[in-house]
Amino acid sequence: MIGTRTKAALAGALILLAASAATAGAGAGGVERASLNGFAEVPTLAAAGTGTFRADVNAAADRINYTLRFNGLGSPVQQAHIHLGRTGTAGGISAWLCDSAAAPGPAGTPACPAPGTALTQVIRPAEVQAIAAQGLQGGQFNRLVRAIRAGATYVNVHTAAFGSGQIRGQIG
C-alpha cells in the first residue's frame, strides 16, 4: 500500500518530468545527422560518393549550425540543399547549403567546398525557401525545424554528372 506522502512525491515527480519533456520539445537545441550516398537517391543511383551532414538545431535562437562533408563524387559539386521530403520521395528545396558559379543559389549562399573539406555555416529564418506546393512559406523557420525533427527532410548533393542529385541522406 502506498502512503499519501509517497503518492504526493510520485505525482510531483511526474509533473516535473512532463514539464521537462515539454520544454525540451518546445525549441531546445538538438543534433541531427544524415549519412549521404547514391543508394538513398530517388531514383536510386549506384554512383560513387559519400557524405555526412550534421546540424545543431537551435529553434530558440532561430538558427541551425551545420557541417557538410562529401568525397569521391567524381564530378564537380554544383549545389547542395535541404529538401522537404520523406525517405523515397522527392521534395522541394527548403534551404540552400552551398552553390557554385555553374549553379548559383540565392544571394549569400556559400560556395560548395572542395571534396573532403568541411563546410560549416548557419541557416537562419530568412534563408528558409518557400515551397508553395508543400505548404512551406519563405522564412517559416519553425516549420522547417519541425520537419527536420519529424524525419521529413533530406540533404541532397547535386553534381555536374547527376544534376538531380548524386548523394542523399535523410536527416534524423
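Tell me the residue from Gly51, Gly38 that is buried (at least 23 other Cβ atoms within 10 Å of the Cβ), farther than 19 Å from Leu136 by Cα and at pLDDT 95 or above, please.
Gly51
The residue list Ala90, Ala95 contains one member that is under 21 Å from Val42 (Cβ atoms), among the aliphatic types (A, V, I, L, M) and part of a strand (DSSP E or B), which is Ala95.
All conditions but one from (1) under 19 Å from Ser35 (Cα atoms); (2) modelled with pLDDT under 95 apply to Ala102; the one that does not is (1). Within the set Ile93, Ile64, the sole residue that is surrounded by fewer than 22 Cβ atoms within 10 Å (Cβ to Cβ) and either within 11 Å of the chain's Cα centre (by Cα) or modelled with pLDDT of 95 or more (or both) turns out to be Ile93. When region 137-161 is filtered for residues that are touching a Gly at 6+ places or on another chain (Cβ under 9 Å) and either surrounded by fewer than 20 Cβ atoms within 10 Å (Cβ to Cβ) or on the phi > 0 side of the Ramachandran plot (or both), the ones remaining, listed by number, are Asn142, Arg143, Arg149, Ala150, Gly151, Ala161. Whenever a residue of region 60-83 is outside any strand (DSSP E or B), its partners that are among the basic types (Lys, Arg), lying with C-beta atoms within less than 9 angstrom and at least six residues away or across chains, give the pairs Asp62/Arg124.
The values are calculated or read from the model by the stated rules, or taken from the named source; none is laboratory data. On a predicted model such as this, the values are computed, not experimentally measured, just so you know. Using ideal geometry, Cβ is built from the backbone for each residue, glycine included, and neighbour counts are taken over all protein chains shown.
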